[in-house]
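Read through the structure below, which is laid out as structure tokens, and then see the notes.
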Amino acid sequence: MNEEDRVRVEAQVRACYSGWAKTYFDEYYAGAVAYPPVHVDIVRDLLRRSGAKTLLDAGCGPASMLRRLTDLGLEIYGFDLTAEMVDEARRTMSAFKVPSERFWQGSVAERADYRRLPAGYDAAICFGVFPHVPASLDGMAIGNLHAALAPGGMVAIEARNQLFALFTLNRYTRDFFLKDLIDAGSLSAAEREALAPALAALDERFRLDLPPLRQGKAGEPGYDEVLSRTHNPMLVRAQLEAAGFRDVRLHFYHYHALPPMLEAHAPDWFRRRSLALEDPADWRGHFMASAFVVSGMKAQAGA
């Protein structure tokens, strides 16, 4: 991806989130209809185990995660692509006596934007960001996180689970079948013509009208109208290992007791059962959880 394309993608993402700063936390963390933020517990456990004293949130949004971590005694820093999110993070965290200069605007694709501490950060988290990072820049963003850490530092990166598509039975499933499993893009014109009836029959197996496209609220592009990728957890784990992280682990969250389109048939049971399934280490998370965290440790100096 060239610089012009990256600038265009980031401008679209900023436009998507610029009007979301005041409501994002309530919609996704604290609202009555929001799924409980079980991923916060995953992060809290990782931070406690790491013994971190300094923490960078790369893509901090309105400090949604950080405001839930203030009791851990961490020296907190964060940056975000969207100016309005940075403003809200500063406002929110001022109540916890975190200096406003510890929050700034920046891109995960720019190494200088991490403002690395002289000794490096003890831990870095990156949530809600990688869906909006072009595939060609995944490795760069992971490398930047690695470079920002102190030796022995911990990273935790969140992504939407691509393998969840095997459970949803909707347009995500069709897309995963065609693009990643069958690799229809590599077929010749003759092959596509010969397989057209089979591919049409495949479409009939899924609800291609679901899920509804998430659109913007007041003229800005919505979540599904900007780059919003999913990631294969096994490939992301390999990317962290290739970047030099060790002890790389997957932690699944936001389980679904049934394919989402069936929730309306038993909504109370669906929510209770989904919450009961929450176990970051359960193998079913590869398919029944819509998101995951991948964690890893930067090697100690000389190791």
Query - Matching residues in the stretch 180-227 - criterion: being farther than 29 Å from Leu250 by Cα, modelled with pLDDT under 90 and either among the charged types (D, E, K, R) or loosely packed, with under 10 Cβ neighbours inside 10 Å (or both) - result: Lys217, Ala218, Gly219, Glu220
Query raised in the report: Is it fair to say Met261 is closer than 30 Å to Leu240 by Cα, assigned by TED's automatic domain parsing to the domain that holds Val40 and among the aliphatic types (A, V, I, L, M)?
Result: no
Query raised in the report: What are the residues in the stretch 91-114 that are more than 17 Å from Arg67 (Cβ to Cβ), without any contact (Cβ under 8 Å) to a residue 40 or more places away in the chain and out of contact with any Phe, Trp or Tyr (no Cβ under 7 Å at 6 or more places or on another chain), if any?
Result: Glu101, Glu110, Arg111, Ala112
Query raised in the report: Which of the residues belonging to the stretch 132-184 are out of contact with any Leu (no Cβ under 7 Å at 6 or more places or on another chain) and small (Gly, Ala, Ser)?
Result: Ala135, Ser136, Gly139, Ala141, Gly143, Ala147, Ala150, Gly152, Gly153, Ala159, Ala165
Requested in this report: Would you mention how many residues in the stretch 228-272 are crowded, with 16+ Cβ neighbours inside 10 Å and at pLDDT below 95?
Outcome: 0
Query - Exclusive hit being over 17 Å from Tyr172 (Cβ atoms) and not small (Gly, Ala, Ser), set Glu220, Glu225 - result: Glu220
Query - Spans of helices (runs of 4 or more DSSP H) in the stretch 223-303 with at least 2 residues among the hydrophobic types (A, V, I, L, M, F, W, C) and within 24 Å of Arg49 (Cβ to Cβ) - result: 233-242, 267-277
Query raised in the report: Out of curiosity, is Ala276 in contact (Cβ under 8 Å) with a residue 24 or more places away in the chain and not hydroxyl-bearing (Ser, Thr, Tyr)?
Result: no
Requested in this report: Please go through the stretch 65-80 and pick out each residue that is more than 22 Å from the chain's Cα centre (by Cα) and closer than 21 Å to Phe130 by Cα.
Outcome: none
Query raised in the report: Taking the stated definitions as given, is Asp138 among the acidic types (Asp, Glu), within 14 Å of the chain's Cα centre (by Cα) and either assigned by TED's automatic domain parsing to the domain that holds Asp45 or not in a loop (DSSP other than H, G, I, E, B) (or both)?
Result: yes
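The values are calculated or read from the model by the stated rules, or taken from the named source; none is laboratory data. Keep in mind the model is a prediction, meaning the values are calculated, not measured. Positions of Cβ are generated from backbone atoms using ideal geometry, with glycine treated the same way; all protein chains shown enter the neighbour counts.
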